[in-house]
Every structure is written in structure tokens, then in C-alpha cells.
Amino acid sequence: MRVWTPLRGLGGQYTITDPFTGEESVEPGWKLMALIKAATERVWDAETALPPVGDSDQDAPA
């Protein structure tokens with residue numbers, strides 16, 4: 001988990017602090033929004049994915 005600290009809103013820059021190492025980096029607001037969008041899409045895709053199609057008789061009683 002990372003801590004995001006806004007400096008000047010979405011058009012500005014954000015300081016990102018790693019809570020484990022304390023390492024800080026400054027990122028532009030557009031990059032923050034792109035990271036959030038990508039993470040949201042990955043979660044959405046994983047939750048809405050169809051289960052793999054398998055042999056329908058595999059779990060049927062003999």
C-alpha cells in the first residue's frame with residue numbers, strides 16, 4: 001500500500017510514500033489517474049471474467 005499526498009490537485013504533482021521503506025517519489029497527477037484506472041480495470045476484469053470452460057461431465061456422478 002502506498003500513501004498519496006496531493007501537492008496541487010490532479011493537474012499538479014503527488015508525493016508517493018512507500019509505508020514500508022519510507023521512500024518518496026513525486027509523480028504528475030495524470031500518471032496517478034492512469035495508475036488508478038489500470039488497477040481498477042484489472043480488478044473489474046478479474047471479477048467479471050467467465051470461468052474456464054471444461055468437460056461438463058467431469059463433476060457429474062458416475
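Structure notes:
- Subset of the stretch 19-44 (residues that are modelled with pLDDT under 90 and of a type in the set (D, E, K, R)): 27, 31
- Near pairs, Cβ below 7 angstrom, 6+ apart or cross-chain, from the stretch 1-23 (within 19 Å of residue 39 (Cα to Cα) and surrounded by 10 or more Cβ atoms within 10 Å (Cβ to Cβ)) to any residue that is modelled with pLDDT of 85 or more and of a type in the set (Gly, Ala, Ser): 10/29; 14/29; 16/25
The values are calculated or read from the model by the stated rules, or taken from the named source; none is laboratory data. Bear in mind the structure is a predicted one, so any value in this text is a computation, not a measurement. In this analysis, Cβ positions are derived from the backbone assuming ideal geometry, glycine residues included, and neighbour counts consider all displayed protein chains.
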